[in-house]
Amino acid sequence: MGSPMIDLTELSGPELEQLQADIEAEQDRRRTLERVPEQIEELSQEYWNQAGIEDGQQWTPLVLGYPEGHTVTHPIPGTDEQGPWTSLLNRNTWEPGSDGGGWRLQPPGDGRPALWVRPSSTVDAYQDGDVVVFPDYETGDTYRSVWPNPNTWSPTEFPDAWELVQEQAPPSPRTPLTPEEPPDDDVPVWVRPIWGAEEGGAYAYGARVRYPGEDDPVYVSTHQGWNTWAPDEFGWEREDD
């Protein structure tokens, strides 16, 4: 049931003045509430500036946490290694890898995807198309999430949610397959990419490589896109043909 309508004609002068003051006070209150999120963001930014946080620094607890998109260095769960983590939340006070989550482990920077880390919730769960190494960097295979909803399972817990991309991913997509030194012309030796993207070591159109064989011939990629095939499989032509 709605509030009764006020008949302004029946109000006295002082009552009208009080009503006007009440309306203005309520408008001020609402304007103040509207600015609260903006003020919180301004105070948070001022706090971060004074704290002097920088991308890549070692994670330490902060009263207001870390801003969304900020990267810190922190141990990887179950290992002795340090890794880069990016915050998925604004004012994130949780520790990377903890039950609170809100962080995503980033690739190690040598061409491999990031190691799979158990998500704590749908916030840091894996999405369709995310690529990971599992169960560890030393012996792990590379998997792509094919689950249409947030994926919180590991490749062994729910195999149907993952697609095997590459078995026993090498430590780097540019590690030569043969121990011989490449020729002096700086043409790299072809190595098997991990997956079809630059980050996965795939070759761009026009890339030149040497393929182990008689005289180590040079091949040029003729595939219009990221090339993951070997020169004797598809998408390459010998440079001297």
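Here are the numbers:
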| read-out | value |
| --- | --- |
| Ordering of 73-79, 48-54 by burial proxy (mean other Cβ atoms within 10 Å per residue, highest first) | 73-79, 48-54 |
| Vicinal HN-Hα couplings computed from phi for region 28-35 (Karplus, 6.51 cos²θ - 1.76 cosθ + 1.60; Hz; Gly/Pro x) | 4, 4, 5, 5, 5, 5, 5, 8 |
| Under-5 Å amide H pairs with residue 103, H placed in peptide plane, nonlocal only | 88, 97 |
| Cα-only radius of gyration and Dmax that characterise region 25-143, units Å | 17.7, 66 |
| Mean Cβ count within 10 Å, highest first, over the residues of peptides 90-98, 134-142 | 90-98, 134-142 |
| At 0.890 mPa s and 25 °C, Stokes diffusion of region 100-153 via Kirkwood alpha-carbon radius, µm² per second | 215 |
| The chain: calculated mean residue ellipticity at 222 nm from DSSP helix runs of at least 4, using -39500 (n - 2.57) | -6000 deg cm²/dmol |
| Relative packing of peptides 5-17, 107-119 - highest average C-beta neighbours within 10 Å first | 107-119, 5-17 |
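Just so you know, all these numbers are worked out from the coordinates, no wet-lab data involved. Being a predicted model, the structure only gives us computed values, none of them experimental. A quick note on method: Cβ atoms are made from the backbone with ideal geometry, for glycine too, and the neighbour counts reach across all protein chains shown.
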